[in-house]
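None of the figures in this text is laboratory data; all of them are computed from the coordinates on show. Because the structure is predicted, anything quoted here is derived from the model rather than measured. Note that we place each Cβ from the backbone using ideal geometry, even for glycine, and neighbour counts take in every protein chain shown.
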Amino acid sequence: MIDPDVRIGAANAYSRLWGRVFRPHILIVGDSISRAGHPWSYRLRTNPLGIQNIARDGYNTELIKLIVEQALAKRPEVILYMSGTNDVLHGHDKFGGFEAAYRTNISLAKTAPRLIVTLAPPTRSADWNLRLVALNSTAKKIAVEAGATVIDLWPKMVDADGLLHSHMTTDGIHFTGEGYAVWSEELRAALAKQ
């Protein structure tokens, strides 16, 4: 019997290769939170050959524009998009460029037949969360105006103090399997709607 982790790793590698040659059905665009969610095909209960993750570690919304442009060249049926966390973590939200970059990204991504936007999730830092709430208000307005489906993870992921549940994070920012399970459930529900 083959170890499940080996099978999942092989399926992910084959999916990346397949996605370079053929049009992916679902394309994941975002930062390290999106990137680390593999195996997305398992989480979304979809064919591993139909999904490709091109998210990049450390990318803020401005840098994600480069990924969105790459995504459009692949002509996916669905783009799953998330950004904003690194804008806050690295202070980019204080310089005023977030709204313009986000609007550009959503406008570009909306050229795909379906766009599902996940608002930046909560962290274990109250200061970061205050700034994320402000960013998410802007992000939600832009995404709704563009006709995207919007997912807000905050109601299902915050504790009584308004922080990301400690059991849902490995380091205060990135998710554990339980955190990804919550997000995956929301994504599957959004994908099921036509």
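May I ask you to sort D31, D159, D93 by Cβ crowding, counting other Cβ atoms within 10 Å and putting the fewest first? Mind showing how you got there, number by number?
Working: D31 27, D159 13, D93 23.
Least to most surrounded, the residues fall as D159, D93, D31.
Please check: in the Gaussian network model of the chain (C-alpha springs, under 10 Å), which one of R124, R114, R45 has the largest mean-square fluctuation.
Looking only at R124, R114, R45, the largest GNM fluctuation is found for R45.
What distance in nm lies between label points placed 7 Å from Cα along the C-beta direction at R75 and H90?
For the pair R75/H90, the computed spacing is 3.3 nm.
Starting from the exponent 0.38 and prefactor 2.2 Å, build the expected Rg for region 137-194 from its residue count and divide its actual Cα Rg by it. Working shown, then result.
Values: Rg = 13.0 Å, N = 58, 2.2 N^0.38 = 10.3 Å.
Against the empirical 2.2 N^0.38 Å value, I get 1.26 for region 137-194.
What net charge do the residues around T170 carry, taking every other residue with its C-beta under 11 Å from that of T170, with Lys and Arg at +1 and Asp and Glu at -1? Could the numbers behind the result be given before it?
On the way: positive: R124; negative: D171, E178.
Surrounding charge for T170 is -1.
If the cut-off is 20 Å between C-alpha atoms, which aspartates and glutamates fall inside it for K193, apart from same-chain ones fewer than 8 positions away?
Within the straight-line cut-off, K193 pairs with E77, E145, D152, E185.
Give, as a single signed number, the net charge of other residues whose beta carbon lies under 12 Å from the beta carbon of K110, with Lys and Arg counted +1 and Asp and Glu -1.
With Lys, Arg at +1 and Asp, Glu at -1, the net is +1.
Calculate the dipole size of the chain relative to its Cα centre from +1 charges on Lys and Arg beta carbons and -1 charges on Asp and Glu beta carbons; express the result in debye to the nearest 20.
Values: 22 positive and 19 negative charges, 171 e Å.
The dipole magnitude comes to about 820 debye.
For region 93-193, max minus min Cα coordinate along each principal axis, in Å, sorted largest first?
37, 37, 19
Please name whichever of N86, Y180, A100 sits farthest to the positive end of the charge dipole of the chain, dipole taken about the Cα centre and charges placed at Cβ: Lys and Arg +1, Asp and Glu -1.
A100
If you wrap the chain's Cα atoms in a convex hull and average its projection over all directions, what's the area in nm²?
Values: hull surface 42.8 nm².
Result: 10.7 nm².
Which of the lysines could a cross-linker span from K94 if the Cα-Cα distance has to be under 20 Å and same-chain partners fewer than 8 positions apart are dropped?
Candidates past the 8-residue exclusion: K65, K140, K141.
Taking Cα pairs under 8 Å and at least six residues apart, what relative contact order does the chain come out at, in percent?
Working: 316 pairs, mean separation 35.3, N = 194.
The value is 18 percent.
May I ask you to list the residues of region 60-76 whose amide nitrogen lies under 19 Å from a point 7 Å from Cα along the Cα→beta-carbon direction of T46?
Output list for this probe position: 67-76.
Gap in Å between the Cα centre of region 113-191 and the Cα centre of region 51-71?
18 Å
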